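Asks: Once you've had a glance at the structure underneath, I'll fire off some questions.
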Amino acid sequence: MTEKIYKNIDTACLRAGYEPGNGEANLPPITQSTTFTYESTDQVAELFNLNDPGFFYTRLGNPTVDALEQRVAALDGGVGAVATGSGQAANLLAIVNIAKAGEHIVALNNIYGGTFNLANKIIKDFGIDSTFVSVNNFDELEEAIKDNTKLIIGESLANPKADVLDIEKYAEIAHKHNIPLILDNTLATPALLRPIEHGCDIVTYSSSKYLDGHAAAMGGIIVDSGNFDWSRGDYEQLTKPDESYHGLVFTDHFGNSAYAARLRTVGLRDLGTIQSPVNAFLTLLGLDTLALRMERHSKNALEVAEFLENSDYVESVSYPFLKSSQSYDLANKYLKGGSGVLSFCIKGDRDSATRFIESLELIRLAVHVADARSLALHPASSTHRQLSDENLNEVGIFPNLIRLSIGIENSEDIIADIKQALEKACGDR
Ligand SMILES: *Cc1c(COP(=O)(O)O)cnc(C)c1O
């Protein structure tokens, strides 16, 4: 029904996923209830047989969370989506939905520190092996893929080095090996990049970042493109009978939304990584302005990147839409804007970097990116702290590197703050 009233993503941000009936609330109501009541045991049995998509227990689905899932699925052009309690939970579920002990995954080595840990340690403890490969190195990728490899996972736009992944090439290689490509699209958001249009099969988000956009609610979400043919590879979770659902076969029962259906009915059911209705409500509110915010974030960040590139106190700047960026051509191919996150190396050492951050007045020090308010962070002592020195150097996280998440304030105020902090950090030495 909603498809009829909008064509463009900025309208979809406000309208997809919830359409009130006559006399109903204009905003999706917060359904703050764990359970839903029914009149007949037969009806409940049909819910358990997965023949009726109704709600019965919030761990498996909730109307407010459902509105969020439908909105993000529409924004990305997927057949279904499943929301989780955090971005970490989204990437965990996205992997374990189709990989199990004795199998293998390939991950990009420039992914978010938390995902790196997940792929490097916890899932190995579960018996799923992993190999890390460097960004846009296709020979290395081909070499890393084994007979028991089940998926490739990476990020469409990775911070703090602003790497843009050549999505179409990754999709082509993945599909040649009959495995899906999973991309974490947290920093780009569907407002700037829709990975499914470029061949990506599964898209994940930390909705705690731009989708919420106000640093109010933790959350994650996984979107199923519906395009991957699971019978091409050995994905018995989806193509063989599931005993916990009386022998139901997900691909037979749910067709091209089998992956999303299993995420919910097995993943959420057994791992319990749900998103709360209140957080879904807050994220829906944030999504209303996503397209508008991403436009402003991108415009402001490009101005800041250009200012930094011309500063005598700055060694180098990473932002995808700088002509000096190694990702410039890929950014032009895939992105409508560069997003708000950039990083730069200050002239000097670790101390110069921390002095800069502590001299900022408008921009706040916070372990977060993608807030409407501008934020600064020192990755080597925070988000990437868990990486060894060798891994740090490999991905280019130097001690004098500063990450900025440029907000939607007036860019003149942001640049004035950066200018005075650079002078304090480096000026009279
Ligand atoms: C923050 C982040 C995550 C983890 O999400 P949480 O919501 O913090 O659990 C995953 N991927 C990327 C790219 C992120 O920035």
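The values are calculated or read from the model by the stated rules, or taken from the named source; none is laboratory data. Please read all numbers here as calculations on a predicted model, not as lab measurements. Here the Cβ is made from the backbone with ideal geometry for all residues, glycine too, and neighbour counts use every protein chain on show. Remember, those area values only see protein heavy atoms, side chains included, never the ligands or the DNA or RNA. Shrake-Rupley method; radii C 1.70, N 1.55, O 1.52, S 1.80 Å.
Asks: Please work out which one of (1) surrounded by 24 or more Cβ atoms within 10 Å (Cβ to Cβ); (2) within 30 Å of L292 (Cα to Cα) is the condition A353 fails and give its number.
Replies: (2)
Asks: Every residue in segment 238-271 that is open to solvent by 20 Å² or more (accessible area, probe 1.4 Å), closer than 21 Å to A73 by Cβ and touching a Lys or Arg at 6+ places or on another chain (Cβ under 9 Å), please.
Replies: Within segment 238-271, F254, R269 qualify.
Asks: Would you point out which residue out of F250, F281 is free of Cβ contacts under 8 Å to residues at least 24 places away in the same chain, in the same structural domain as Q88 (by TED's automatic domain parsing) and hydrophobic (A, V, I, L, M, F, W, C)?
Replies: Matching residue, one of F250, F281: F250.
Asks: Among T204, T131, which is the only one that is surrounded by fewer than 19 Cβ atoms within 10 Å (Cβ to Cβ) and part of a strand (DSSP E or B)?
Replies: When all the criteria are applied, what remains is T131.
Asks: Looking at segment 147-159, can you tell me whether even one residue there is open to solvent by 50 Å² or more (accessible area, probe 1.4 Å) and free of Cβ contacts under 8 Å to residues at least 60 places away in the same chain?
Replies: yes
Asks: Out of all the residues in segment 176-183, is one or more part of a helix (DSSP H, G or I), farther than 25 Å from L211 by Cα and open to solvent by less than 10 Å² (accessible area, probe 1.4 Å)?
Replies: Checked against the condition, which is being part of a helix (DSSP H, G or I), farther than 25 Å from L211 by Cα and open to solvent by less than 10 Å² (accessible area, probe 1.4 Å), segment 176-183 yields no hits at all.
Asks: Just the residues that are over 25 Å from P241 (Cα atoms) and in contact (Cβ under 8 Å) with a residue 12 or more places away in the chain, please, taken from segment 35-62.
Replies: T35, F36, Y38, T58, N62
Asks: So which helices (runs of 4 or more DSSP H) are wholly in segment 211-290 and hold at least 3 residues that are away from the ligand (no atom under 16 Å from the Cβ) and out of contact with any Asp or Glu (no Cβ under 9 Å at 6 or more places or on another chain)?
Replies: Because the criterion is at least 3 residues that are away from the ligand (no atom under 16 Å from the Cβ) and out of contact with any Asp or Glu (no Cβ under 9 Å at 6 or more places or on another chain), the helices (runs of 4 or more DSSP H) in segment 211-290 that meet it are 236-239, 250-254, 277-288.
Asks: Related question: Of the numbered conditions (1) farther than 21 Å from L75 by Cα; (2) under 19 Å from the mean Cα position of the chain (by Cα); (3) polar (S, T, N, Q), T186 fails exactly one; give the number of that condition.
Replies: With respect to (1) farther than 21 Å from L75 by Cα; (2) under 19 Å from the mean Cα position of the chain (by Cα); (3) polar (S, T, N, Q), T186 is out only on (1).
Asks: Among the residues of segment 196-215, are any touching a Phe, Trp or Tyr at 6+ places or on another chain (Cβ under 6 Å) and of a type in the set (D, E, K, R)?
Replies: Yes.
Asks: Another question about this same structure. Collect the residues in segment 92-120 that are over 26 Å from A162 (Cβ atoms) and open to solvent by 50 Å² or more (accessible area, probe 1.4 Å), keeping them in residue-number order.
Replies: K100, A101, G102
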